[in-house]
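Here the structure comes first, spelled out in structure tokens, and everything after it is commentary.
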Amino acid sequence: MLRVGLTGGIAAGKSLAASTLRELGALVIDADALAREVVEPGTEGLAAVVEAFGSGMLDGEGRLDRPALAAVVFGDEEKRNTLNGIVHPRVRARAAELEQAAAPERIVVHDIPLLVETGQHRNFDFVLVIDAPEEERIRRMAADRGMSEEAARARIAAQAGAEERAAAADVVLINDGAAQQLVDAVRELWESQLVPMNAAKRDAGK
């Protein structure tokens, strides 16, 4: 089983790369999706959030009120660390469960936005980074998400820089053209590197 860490700056095109890898046959484990799953109603994660931050973190249906929680932890490093201490271990445990359930011949891709920032890139056989010029990412955030330039720059500043991500990567794909160009680049990487690496790893384990 080849284990791939996938990451990239916000609005760089990571989601498109992940969906392409899924279509090619990879098991894609989405850390953002798991972060939502582990605080669903009835979970230990949600109970821990309420214990830490109060019942005001729930909406009228007993679900996590994400805007309310964001308002509490934004700009407060101690509270953000408390939240991360609740969510991150549960996400990693759930990701490990999903990986263990996969067939041994699968290529498993962990889609983790903060892969480099959290030091998790060291845990993978191969690290793929999707990046794009900062001004292009700001344009996309404004067009696709309705974000102001100031908000977009703040989001970018909160993540690792392009150089830091590149230093952790085995391959960096720059997404500065049409979407199909990134799809084609991911497909070429799959055929030329990921599939052969997975086969070699499987053969070495026999």
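Can you tell me which residue within region 1-32, out of those that are aliphatic (A, V, I, L, M) and more than 19 Å from Ile107 (Cα to Cα), is nearest to the chain's Cα centre (by Cα)? Going through the qualifying residues, I end up with Ile10. The single condition among (1) assigned to a helix (DSSP H, G or I); (2) within 30 Å of Leu182 (Cβ to Cβ); (3) not charged (D, E, K, R) that Ile29 does not satisfy is (1). Leu27 fulfils the conditions (1) open to solvent by less than 30 Å² (accessible area, probe 1.4 Å); (2) in contact with a Lys or Arg (Cβ under 6 Å, 6 or more places away or on another chain) except for a single criterion, (1). Those residues that are open to solvent by less than 30 Å² (accessible area, probe 1.4 Å) and under 20 Å from Asp131 (Cβ atoms), I need them from region 181-206; list them, please. Within region 181-206, Leu182, Val183, Val186, Leu189, Trp190, Leu194 qualify.
Among residues that are at pLDDT 85 or above, in a strand (DSSP E or B), surrounded by 14 or more Cβ atoms within 10 Å (Cβ to Cβ) and in contact with a strand residue (DSSP E or B) (Cβ under 7 Å, 6 or more places away or on another chain), His110 is included. Looking across region 33-47, the residues that are open to solvent by less than 30 Å² (accessible area, probe 1.4 Å) and more than 18 Å from the chain's Cα centre (by Cα) come down to Gly45, Leu46.
Yes or no, residue by residue, for (1) surrounded by 11 or more Cβ atoms within 10 Å (Cβ to Cβ); (2) under 22 Å from the mean Cα position of the chain (by Cα):
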residue	(1), (2)
Val49	yes, yes
Leu58	yes, no
Glu61	no, no
Val72	yes, no
His88	yes, yes
Val91	yes, yes
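Only a single criterion out of (1) in a helix (DSSP H, G or I); (2) more than 21 Å from the chain's Cα centre (by Cα) is not satisfied by Thr82, namely (2).
When residues in region 140-162 are screened for being within 25 Å of Leu21 (Cβ to Cβ), open to solvent by 40 Å² or more (accessible area, probe 1.4 Å) and basic (Lys, Arg), 2 of them pass.
The values are calculated or read from the model by the stated rules, or taken from the named source; none is laboratory data. Everything numeric here is computed off the predicted structure, so don't read it as measured data. Here the Cβ is made from the backbone with ideal geometry for all residues, glycine too, and neighbour counts use every protein chain on show. Calculation scope for accessible area: heavy atoms of the full protein, side chains included, ligands and nucleic acids excluded. Shrake-Rupley method; radii C 1.70, N 1.55, O 1.52, S 1.80 Å.
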